[in-house]
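Please treat every number below as a calculation from the coordinates, not as lab data. All figures in this text were calculated on a predicted structure; none of them were measured in a lab. Heads up, the Cβs are rebuilt from the backbone with ideal geometry, glycines too, and the neighbour counts pull from every protein chain shown.
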Amino acid sequence: MDPSLLLEAARKAARRGGEAAVKAIREGVGSSVVGRGEGGDYSLRGDVESEKMILDSLLEDLGTIRIVSEEMGERRHNGEAELTAIIDPIDGSRNYKRGLPFFAVSVAIARGETLEDVVAAAIYAPLLNLEFTALKGKGAFLNGNLIHVTTHTTLKDGIVFVGSSPKAVFLPHTYTLNLVSRGAIVRSLGSASLELSFVASGGADAYIDYWGTMRVIDIAAAYLIAREAGAWVKTRGSKNEKVALSLRERLLILASSTHQLGAELHGLFKETFGFNPEEILLVKQP
């Protein structure tokens, strides 16, 4: 299938998912807990409604496909599939539940089994009216306009998003203290896909989540968007350097506007904790 058709399928699915999530809010049922998804977190009505619309849209456009999604888990639809869709129906569920606009629908499509195989990506933040898209080798876009990272090279005065999931306990907060002491400006939105995408668009200079709790569904689309916007991106999967497209995968990710800034952020982790970032995956994995 033509790669541009894959991107259009991802865009349409993300928009339909976003519309379903907003509809659930307006009907007053979006934040209702309806169970627990395969990813292990509680499922909100908005998550479930968004995922259903995304899946229906992808099956309509792509037919045979493997799905990796927070709610339904990993499934193959209509037999063996060449394509894998990695879905987060609502990235930023806590924000969504509390009425904050910082949430997004994330849809990535891959030809292969690792993060590097993602070829098309769409992230749609319906309450912010933002659509980030990317096609491998063709650049990254925000609402149809080409975007690129900044040229910032140092921590001083750099805006750095620090992923801070409650599952990471004290790690991001300890790291943040050292960041601030070196003159960095630290932010956290509670939505990894949006934070990475804002690095891609130049709204921030870096994003880091080195705590061993990040899931591939959260960042699969944003990974490609950041790369296509010129970001230096470093990832590490739980088993090796390649990040598997699996709900069980846990990874480390660092994205920055320049290699120089990324190297500084990477080195600060060991300086802060006394061990290399990849060693944390040995603790987190059974």
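Structure values in brief
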read-out: At 0.890 mPa s and 25 °C, Stokes diffusion of the range 233-285 via Kirkwood alpha-carbon radius, µm² per second; value: 207 µm²/s
read-out: Where only alpha carbons of the range 97-174 are counted, the Rg and the Dmax (Å); value: 15.8, 39
read-out: Exposure proxy ranking, count of Cβ atoms within 10 Å, fewest first, for Phe273, Phe170, Phe198; value: Phe170, Phe273, Phe198
read-out: Gain upon complete extension [Asn143, Val283; 0.36 nm per residue less C-alpha separation]; value: 46.4 nm
read-out: Choice from Gly99, Gly35, Gly274 with maximal GNM fluctuation in the chain (Cα, 10 Å cutoff); value: Gly274
read-out: Mean Kyte hydropathy of -0.5 or more with a Cα span along the axis of at least 24 Å, helices from DSSP in the chain; value: 3-26, 45-62
read-out: Cα-only Debye scattering, the range 159-284: base-10 log of I(q)/I(0) at q = 0.14, 0.16, 0.22 Å⁻¹; value: -0.52, -0.70, -1.44
read-out: Theoretical FRET efficiency, 1/(1+(r/R0)^6), r = Cβ-Cβ of Ile185 and Glu8, R0 30 Å, to 0.05; value: 0.25
read-out: Dipole in debye (nearest 20) - the range 164-260, about Cα centre, beta carbon charges: Lys, Arg +1; Asp, Glu -1; value: 300 debye
read-out: Cα coordinate range in the chain, projected on the principal axes (Å, largest first); value: 50, 39, 37
read-out: Total lysine pairs whose alpha carbons fall under 18 Å of each other in the chain (8 or more apart, or interchain); value: 13
read-out: D (Stokes-Einstein, µm²/s), Kirkwood Cα radius, the range 3-147, 0.692 mPa s at 37 °C; value: 218 µm²/s
read-out: Gained length - Arg36 relative to Asp56, 0.36 nm times residue gap less alpha-carbon distance; value: 5.1 nm
read-out: Stretchable slack from Asn178 to Glu27, in nm (0.36 nm times residue separation minus alpha-carbon distance); value: 50.0 nm
read-out: The chain: calculated mean residue ellipticity at 222 nm from DSSP helix runs of at least 4, using -39500 (n - 2.57); value: -11000 deg cm²/dmol
read-out: Label zone at Met1, where the point sits 7 Å out along the Cα-to-Cβ direction: the range 104-144 residues whose backbone N lies under 19 Å; value: 106-124, 133-138
